[in-house]
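The structure appears right after this line, and notes come after that.
The values are calculated or read from the model by the stated rules, or taken from the named source; none is laboratory data. Keep in mind the model is a prediction, meaning the values are calculated, not measured. Cβ: placed from backbone, ideal geometry, glycine included. Neighbour counts: every protein chain shown. Just the protein is used for accessible areas: all its heavy atoms, side chains included, with ligands, DNA and RNA removed. Shrake-Rupley method; radii C 1.70, N 1.55, O 1.52, S 1.80 Å.
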Amino acid sequence: RVRFRDRGWEDCDAAALETYVSEEHNPGNEKGVLAVEVFVPSALLQAGLCLVDTPGLGSVVLANAEATRAFVPHVDAALLVLGGDPPITAEERALVQAMASSVPAVIVVFNKADRQTDAERAEAAHFTGRVLEEALGRHPGPLLHVSARERLAGSGPARDWPRLVERLTTLARESGAGLVAAARDRETAALIDLLRRGLDEQRAALLRPIEDSERRVVALHAAVEDTGRALIDLEHLLDAEQERLARRFGDARDRAFDAALSAAQAELRRALDTEPPGRDRALELARAVTQRWLDGWRREQEPHAEAFYAEAERRFVELANGVRRRLTAVSGFESLPPLRASPGFRVKSGFYYAELRPVAPASAATWLLDRILSWRRRRAIERAALEYQRRLLEVNSARIMNDFIERVTESRRRLERELRDALHSLVASADRALGIARQAKADGAAAVTTRLEAIEALRRRLDALGPRCQEEEPGSLPA
């Protein structure tokens with residue numbers, strides 16, 4: 001199926017996929033395609049594993065690389081497919097660095113193994129392993145050599161293909177299956193509880209006089225309108241809490257930037273002193289040193305940011321549950337569940353590093369001068385690298401701070417939406433129950449009895465599916 005920007009999902013023939021995803025048939029994405037999903041009967045995918053093919057790096061279409069970098073925070077594992085010549089590019093190395101702090105599992109595969117000798121594959125693996133270990137800050141694990149062409153043709157040696165399938169199967173079984181099962185059980189229990197409440201609402205509407213149900217529904221709608229006004233007042237209080245958090249993040253970033261700039265530039269100078277002159281290499285060192293400092297600062301700040309937000313969310317929940325407590329005094333809202341505080345952000349980070357481009361790209365003449373006038377050019381190269389590093393550090397430290405602030409904003413929106421959705425769900429359930437009761441009573445006593453029996457039968461089926469969700473105290477943390 002294909003998801004379009006202007007009209008949502010539509011089924012399509014798998015043979016026609018290239019008309020949506022290739023530059024040849026969909027230049028500049030003029031068809032407005034946002035995503036394509038392909039479903040296949042695979043044991044590997046049965047546990048909930050989903051493979052996402054992101055655009056390649058180094059494409060002439062700049063948006064492709066940006067789409068890939070922006071997707072990094074949303075994955076639980078990465079399957080990095082490399083070619084053999086060159087073994088790994090600077091852009092791929094930068095992508096791995098972006099994954100280092102947010103993607104726990106990285107599986108590295110060399111494709112096109114049938115086009116290289118054993119010696120060439122060994123040399124590529126040795127070089128790539130060293131680069132990846134530096135980029136990840138940990139050993140990347142075994143590097144697997146495969147040939148997709150051989151596997152599709154059913155020819156040639158298996159190489160590391162069985163090991164790749166085993167790694168993916170283990171990942172799906174041990175990681176994906178547990179996450180999917182937990183989410184399934186949690187959402188199933190919530191759905192069962194919601195259905196129970198709906199059936200209880202229908203049963204009560206059938207047993208009480210229609211006039212009482214009508215008055216009750218009017219009172220519920222009025223209470224929701226009053227709550228809407230109360231939530232507007234609540235938003236001002238939440239705005240103040242959020243602004244306070246933003247100031248704390250900003251102050252932390254300013255302090256860290258001043259300290260990190262001096263230390264990171266000292267480290268870059270030491271690295272440049274041990275390297276031969278060359279502008280490209282100097283800029284690469286500037287990126288590497290800066291990313292290490294940013295990674296360290298981000299890891300250091302993450303628990304503080306989570307703690308800041310958890311503190312604010314407890315305040316958010318306390319204020320929102322104050323509104324909820326007033327509502328539960330209204331008949332019909334007794335079952336309104338309390339909001340729960342989260343121990344941290346309710347959304348994942350969307351941060352990825354901005355590499356920037358050097359202010360003045362190196363020309364052929366600049367490249368030649370860098371090598372002929374080594375001493376003077378070395379000082380110029382060092383100044384350019386230090387300035388580039390300062391811009392990298394300034395821009396990305398601000399982006400880390402903004403990512404924290406955006407996560408606060410989106411987490412807060414989800415909290416407010418949770419309360420509004422709960423209110424509208426209860427009112428919609430009461431409206432539905434009233435409509436069913438009117439129709440059944442208009443059809444006579446026998447119709448009411450039949451409907452009550454159907455409700456009891458559905459209730460028993462729900463009871464057989466699972467226990468009622470345990471309501472938690474306002475502000476309590478979820479298990």
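Tabulated data for the structure shown
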item: Table column - 3J(HN,Hα) (Hz), region 449-464, Karplus curve with 6.51, -1.76, 1.60, x for Gly and Pro; result: 4, 4, 5, 5, 5, 5, 5, 5, 5, 5, 4, 5, 5, 5, 4, 6
item: Label-point separation, GLU10 to ARG186 (7 Å along Cα→Cβ), nm; result: 3.6 nm
item: Cut-off under 5 Å, modelled amide H: who pairs with HIS145 long-range; result: PHE110, ASP160
item: Peptides ranked, highest mean first, by Cβ atoms within 10 Å: ranges 286-293, 161-168, 185-192, 141-148; result: 286-293, 141-148, 161-168, 185-192
item: For region 81-151 versus region 33-56, the gap between their alpha-carbon centres in whole angstrom; result: 22 Å
item: Carbon plus sulfur fraction of accessible area for region 392-455, probe 1.4 Å, in percent; result: 52 percent
item: Packing-based order for 115-123, 194-202, using average beta carbon neighbours within 10 Å, highest first; result: 194-202, 115-123
item: Highest to lowest packing among 208-218, 419-429, scored as the average C-beta count within 10 Å; result: 419-429, 208-218
item: For LEU79, residues with placed amide H under 5 Å, excluding near neighbours; result: ILE107
item: Inter-label distance, nm, simple model (7 Å from Cα along the C-beta direction), HIS139/LEU237; result: 5.4 nm
item: Region 3-15 - phi-based ³J(HN,Hα) in whole Hz, Karplus 6.51/-1.76/1.60, Gly and Pro as x; result: 9, 9, 4, 9, 8, x, 7, 9, 5, 8, 6, 4, 5
item: For region 190-212 versus region 400-416, the gap between their alpha-carbon centres in whole angstrom; result: 36 Å
